[in-house]
Amino acid sequence: MSGLQTWTGPLGVTIDYTEIRSWGRVRVAAGGPSGPTPHRPAAAAAFEAQARADRCRVLWFGVETPEDIAPNRPSLVIGAEPVWGAGRWPAMVTRKASVRAQIRRAANKGVTIEPWSSDRVRASAELRAVLADWLARRGLPPMSFMADPFVLNAPGDRRFWVATRNDRAIGYLALRPGDEVFVEWIIQRREAPNGTAALLLDTALRDSGCPAFTLGMVPLSTYAPLSDTAPSLLVRGLLTWTRAHATRFYNFGGLERFKAKFVPDRWRPLHLVTTGRPITVFTFHDVAAAFAAPRAPTRFVGRALLDAAAHEVRDATEAARDWLSSR
């Protein structure tokens, strides 16, 4: 993922992380250790020991299996990601008439999909214009850590498929290969015909040989199970308030509905894990600092509020103009 550092431990285990300043220096890991399962806890312990030697705390975000870090650590389910088994996509499309209809609708509107090389992606002003159009419609300023949208600048091992219509790029999909493919981004212009995202997915997954894949985490997903240990009342209240009132900035429900319509085989819970400290509202300040970096979380939220207010003023002005012109 863009903007992350990679720590390499014993026997090929790796950990992606970012270092931020919150309440002191914190290394926030993006998921758990990656590598041979039996060696993950030892690698996690070595990563934490190095961080302590460097006077840093460690926080693990988006961990599939908390036992990969260590047994009996404080953990909290913070979302879920939809997962499809190898070869399941074609069968799902065959069964799901609404998905087939979306794919046909986009194709009938003249949308075509083709793979682009990393060099072409890196040099493309067209794709940056698509991204700029998409960002202008978000409720939040661009984020970093596990939600950095600027992957066009450093494609790495990602593969890209681009949607065009009338010889103009209108969307793209970024995919990270592996034993389980991660569909990292689906970005579209406002005017992309309905079904463009489904056509991008269908083309990319079939070109990739339909391996097992995921569309990534839905924070605070209703498909996530309850945590084994109930969080504190204050943390529970924070999560409930965020789910209920933060849709102005992040459409949790819309993201979940988009991913659920492709009928995943299962929803895999993802956890927040600490090194032993209780999970408190201050833990979420660390998480917010990772996603907001290099800005402080308070400045990030302030910017989001200003952007939201500007959007509302602009929408109200356009509505008033339309009403006056119709008289």
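The values are calculated or read from the model by the stated rules, or taken from the named source; none is laboratory data. No experiment lies behind these values; they were computed from the predicted model shown. Every residue, glycine as well, gets a Cβ built from its backbone with ideal geometry; the counts of neighbours run over all protein chains shown. Ligands, DNA and RNA are excluded from the accessible area calculation, which covers all protein heavy atoms including side chains. Shrake-Rupley method; radii C 1.70, N 1.55, O 1.52, S 1.80 Å.
Summary table
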| read-out | value |
| --- | --- |
| Selection status of residue 174, at pLDDT 95 or above, of a type outside the set (Phe, Trp, Tyr), more than 30 Å from residue 283 (Cα to Cα) and within 20 Å of the chain's Cα centre (by Cα) | yes |
| Residues within segment 70-99 that are among the polar types (S, T, N, Q), surrounded by fewer than 16 Cβ atoms within 10 Å (Cβ to Cβ) and outside any loop (DSSP other than H, G, I, E, B), tallied | 2 |
| Every residue from segment 126-150 that is in a helix (DSSP H, G or I) and touching a helix residue (DSSP H, G or I) at 6+ places or on another chain (Cβ under 9 Å) | 127, 128, 131, 145, 146, 147 |
| Considering residues of segment 18-36 that are open to solvent by less than 30 Å² (accessible area, probe 1.4 Å), without any contact (Cβ under 8 Å) to a residue 40 or more places away in the chain and part of a strand (DSSP E or B) only, the residue farthest from residue 50 (Cα to Cα) | 29 |
| Filtered residue count, segment 172-184, keeping only those that are open to solvent by 30 Å² or more (accessible area, probe 1.4 Å) and within 24 Å of residue 97 (Cα to Cα) | 0 |
| First in segment 190-210 and without any contact (Cβ under 8 Å) to a residue 12 or more places away in the chain, second anywhere and open to solvent by 30 Å² or more (accessible area, probe 1.4 Å) and outside any helix (DSSP H, G or I), Cβ under 9 Å, 6 or more apart | 209/86; 209/87 |
| Number of the exception - residue 67 against (1) surrounded by fewer than 21 Cβ atoms within 10 Å (Cβ to Cβ); (2) in contact with a Cys (Cβ under 9 Å, 6 or more places away or on another chain) | (2) |
| Residue pairs meeting the criteria (Cβ under 8 Å; at least 6 apart or on separate chains; first closer than 15 Å to residue 287 by Cα and outside any helix (DSSP H, G or I), in segment 43-63; second of a type in the set (Val, Ile, Thr) and open to solvent by 50 Å² or more (accessible area, probe 1.4 Å)) | 57/275; 58/275; 59/275 |
| Segment 212-242, subset open to solvent by 90 Å² or more (accessible area, probe 1.4 Å) and aliphatic (A, V, I, L, M), residue nearest to residue 256 (Cα to Cα) | 226 |
